[in-house]
Every structure is written in structure tokens, then in C-alpha cells.
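Here is the structure we will look at, set down as C-alpha cells.
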Amino acid sequence: MRRLPPALLVLIPVLLGAGPCGPIAGGRIEGAEAPTFAADWTFTNAVSTIQVETRPADPLSVTTWCFTDGATLFVPSKGAVRKPWVQNVTADPRVRLRVGDAVYVAQLERVTDDAELRRILPLLRAKYRMARWGMSDDPAAARDTWLFRVAPRGPA
């Protein structure tokens, strides 16, 4: 029996409309929705990536990093203006997040306040050991990196 090429194996979930597979975007993420919004996101300190689903009418999902300051979960995007998922969130902040086996209904709010950025950029750098890549805690030096706060979804 002939084996499928590895590239095709990666593309099959995407072509079938499943969630993202590594760096390749996907469609609707699968999993049971959590009955409530997480009040404390510290459990995400143990995971390096989560999945974010945008555009509820025609889902697009990606795998990305996350970090927390304890109660609040943040999702970063380097080169944000070029990323379709960020453009989707800018147009409609409603998202679904998959962390492990749980899916959370939420919305993303872009953090733009320099004081808050100065407070949370070191948390991102510490979790992913980004100092070695030259990422600064100065919001002015990280303008192409957008940070989003995960919040409960408001009324539709």
C-alpha cells in the first residue's frame, strides 16, 4: 500500500474543515464548550499554544501563543496587521478558544494602553524566553506585536 506524503497528511484536516494543524490555519475548532468563562486562567501557564477561532459565520482558526497575568489571559500576534485572524478579530471580536480539550466562548480586546503593555510584555517575554530574540518591554519597540485580552463575550 502506498503511503501519503507528509504534506498531504497535514492538509487533510484543513481541507475537511477541521481546526488548525500546527502553523496551518483551519476551520471550526472541535471540542465541548466549557459551561462558563474561566475566571482564572493560570492553568494556561502549563500550555504553550492554544487555538483561536475567529469569524463565527465562516470560521478561521489558528494555533497561537498565550500568557496570563493570573486572572486574565492574553493572546499575542507578531506582525499582526498582516494576519487574517487579527483582521477578523478587528472586524468582529467574537472568538472561540480551545485550551486542551475545552472550548471557551469569548471575545478579544486589543490592549493599546502603554502602561498596561509595559506591565504585560515582560510576562510574554518570560513565558517564551523571548529576551534572547531581542524583544523589548518597551511598547514603542513592539508596535508590530499586538496583544489581545480575552474577555467574556458580550450580548450578540
Completion exercise
The correct count of residues that are in a strand (DSSP E or B) and open to solvent by 40 Å² or more (accessible area, probe 1.4 Å) in region 109-118 is 2
Practice task
Report, by residue number, each residue of region 103-114 that is in contact (Cβ under 8 Å) with a residue 24 or more places away in the chain and out of contact with any strand residue (DSSP E or B) (no Cβ under 7 Å at 6 or more places or on another chain).
Solution key: Asp114
Problem - Filter result for Thr44 (hydroxyl-bearing (Ser, Thr, Tyr), closer than 17 Å to Trp146 by Cβ and either assigned to a loop (DSSP other than H, G, I, E, B) or open to solvent by less than 60 Å² (accessible area, probe 1.4 Å) (or both)) - result: no
Completion exercise
The one condition Val89 fails out of (1) open to solvent by 80 Å² or more (accessible area, probe 1.4 Å); (2) closer than 15 Å to Val150 by Cβ; (3) β-branched (Val, Ile, Thr) is (1)
Exercise for the section: Considering each residue of region 88-106, count those that are closer than 18 Å to Thr72 by Cβ, among the aliphatic types (A, V, I, L, M) and not in a helix (DSSP H, G or I), and give that number. Expected result: 6
Problem - Flag if Ala106 is open to solvent by less than 30 Å² (accessible area, probe 1.4 Å), of a type in the set (A, V, I, L, M, F, W, C) and out of contact with any Ser or Thr (no Cβ under 7 Å at 6 or more places or on another chain) - result: yes
Practice task
Please indicate, with yes or no, whether at least one residue in region 72-79 is of a type in the set (D, E, K, R), within 15 Å of the chain's Cα centre (by Cα) and either over 16 Å from Phe37 (Cα atoms) or open to solvent by 10 Å² or more (accessible area, probe 1.4 Å) (or both).
Solution key: yes
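The values are calculated or read from the model by the stated rules, or taken from the named source; none is laboratory data. This one's a predicted model, so the numbers in the text were calculated from it and none came from an experiment. Virtual Cβ from ideal backbone geometry, glycine too; neighbours counted across all protein chains shown. Protein only, heavy atoms only, side chains kept; ligands, DNA and RNA dropped before computing areas. Shrake-Rupley method; radii C 1.70, N 1.55, O 1.52, S 1.80 Å.
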